[in-house]
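Student: Got a structure for you, questions after.
The values are calculated or read from the model by the stated rules, or taken from the named source; none is laboratory data. Small disclaimer: the values here were computed from a predicted structure and weren't measured. Note that we place each Cβ from the backbone using ideal geometry, even for glycine, and neighbour counts take in every protein chain shown. Only protein heavy atoms, including side chains, enter the accessible area calculation; ligands, DNA and RNA are left aside. Shrake-Rupley method; radii C 1.70, N 1.55, O 1.52, S 1.80 Å.
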Amino acid sequence: MPRLLRYDSFMENVQEILEWYAEAGVDVLLEDAPINRFDEVPPPPKQKPVSESLAAKRLNDRAPAAPPKQIQQEAAIPDANAIESAKEAAGAANSLEDLKAAMMAFDGCNLKRTAKNLVFADGNPEADIMFIGEAPGRDEDIQGLPFVGRAGQLLDKMLAAIGLDRNSAYISNVIPWRPPGNRTPTPQETEICRPFIERHIELTSPKLIVMLGGSSAKTLLKTSDGIMRLRGNWKEVSVNGVSVKAMPTLHPAYLLRQPAQKRLAWHDLLQIQKVLQDS
Ligand code: URA
């Protein structure tokens, strides 16, 4: 006879499963109803150029296209238009308040649709040093502030280790909206968001930039080199012809998973501290 699960231990199991999902990043319900992705219309196969009359005949023969699904209709347009309109919106901003307002009004990035909040920045915009991460996680999305979760707590300790805090440093991310389930932002999403972080750098004009993690370093340095190759070496981040001295280092979330690598981050932090003191 099957063993009956008591209600309270059943609820404990449910709780554990939900916590497990949340830790894995599955903490948002994207749609009210499930979507069967297999029902979605596949893109038409690539065709060789055919003569005009034959092409016209094929078009006429083809069954009428199925109406796009709701989700497809709702998606923002992640294409060159979105990048262009991000450039326009960012370029028109003449202050951080303007930039924040422009980002709040911007609808060209899909990530905004699932995020709870815009995560603009924290710290002192007049600071000499700006730390730039990849994208907000769950806690940042909820609070609307960068680096406030576990990785943020470690970042605060890293700052303190070289005599900094959120009054003497400025903190932001390449991507201002949390990617659902903390997935890696796509290259397209990154390019759509690039004009905003570049304008952010222009408007704050820090003396030094610290890129936290490979994603931030690759985007801002426009390189495909990995963080282990980049870190520990001074680079330049160039925005509209103006260069800012920049250090790529390991992301605090990575250091939480690989504490033995803190040694490398410490080496980078000491270099940052020295340049800050000499500047
Ligand atoms: N990781 C990031 O890159 N940015 C945050 O704000 C939080 C975690």
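Student: Leaving ligands, DNA and RNA out of it, rank Leu18, Leu230 by accessible area with a 1.4 Å probe, largest first.
Tutor: Details: Leu18 105, Leu230 5 Å².
I get Leu18, Leu230, largest accessible area first.
Student: For the modelled label position 7 Å from the Cα of Thr114 along Cα-to-Cβ, which residues of region 169-190 have backbone nitrogen atoms closer than 15 Å?
Tutor: 176-190
Student: Using θ = phi - 60° and the Karplus form 6.51 cos²θ - 1.76 cosθ + 1.60, what ³J(HN,Hα) does each residue of region 230-245 get, whole Hz, x for Gly and Pro?
Tutor: In residue order, the calculated couplings are 7, 4, x, 10, 5, 10, 10, 9, 10, 10, 6, x, 9, 9, 10, 5 Hz.
Student: For region 197-205, what does the Karplus curve 6.51 cos²θ - 1.76 cosθ + 1.60, with θ = phi - 60°, yield as ³J(HN,Hα) per residue in whole Hz, taken in order and with x for Gly and Pro?
Tutor: With the stated coefficients, region 197-205 comes to 6, 5, 5, 4, 5, 4, 6, 9, 5 Hz.
Student: Still on this model: Keeping to pairs on different chains or 8 or more places apart, tell me how many lysine pairs in region 108-265 have Cα atoms under 26 Å apart.
Tutor: Taking the Cα cut-off of 26 Å, the pair count is 21.
Student: Taking H placed 1.01 Å from N in the peptide plane, check which residues at least 5 places from Asn117 or on another chain put their amide H under 5 Å from its amide H.
Tutor: Arg178
Student: On a full-extension model of 0.36 nm per residue, what is the gain between Asn167 and Glu88, subtracting their alpha-carbon distance, rounded to one decimal in nm?
Tutor: Values: separation 79, 0.36 × 79 = 28.44 nm, distance 3.09 nm.
Extra length from Asn167 to Glu88 when fully extended: 25.3 nm.
Student: Heavy atoms of the protein only, probe of 1.4 Å, neighbouring chains included. What is the accessible area of Glu134 in Å², nearest 10?
Tutor: 50 Å²
Student: State the extension gain, in nm to one decimal, for the chain segment bounded by Val14 and Ser243, taking 0.36 nm per residue of separation less the distance between their alpha-carbons.
Tutor: On the way: separation 229, 0.36 × 229 = 82.44 nm, distance 5.25 nm.
Gain on stretching Val14 to Ser243: 77.2 nm.
Student: At what distance in nm do the modelled label points of Gln153 and Ser279 sit from each other, each positioned 7 Å from its Cα along Cα→Cβ?
Tutor: 3.0 nm
Student: Now a separate question. Would you pull out the residues with amide H under 5 Å of His251's amide H, same chain only if 5 or more places away, H placed 1.01 Å from N?
Tutor: Sorted by chain and number, the residues that satisfy this are Gly213, Gly214.
Student: Determine the relative contact order of region 80-278: mean sequence separation of Cα pairs under 8 Å and six or more apart, normalised by residue count, in whole percent.
Tutor: On the way: 351 pairs, mean separation 44.6, N = 199.
Relative contact order here is 22 percent.
Student: Peptides 99-108, 190-199: what's the order by average Cβ count within 10 Å, highest mean first? If you can, show how the numbers build up before the last one.
Tutor: Working: 99-108: 16.9, 190-199: 23.2.
Peptide ranking by packing, descending: 190-199, 99-108.
Student: Here's a follow-up. Ala246's amide H: which non-local residues (gap 5+, or another chain) put their own amide H closer than 5 Å, with H modeled 1.01 Å from N in plane and none for Pro or chain starts?
Tutor: Amide H neighbours of Ala246: Ile209, Lys235, Glu236, Val237.
Student: What spacing in nm lies between the two simple spin-label points modelled at Asn233 and Trp266, each 7 Å away from Cα in the Cβ direction?
Tutor: 2.4 nm
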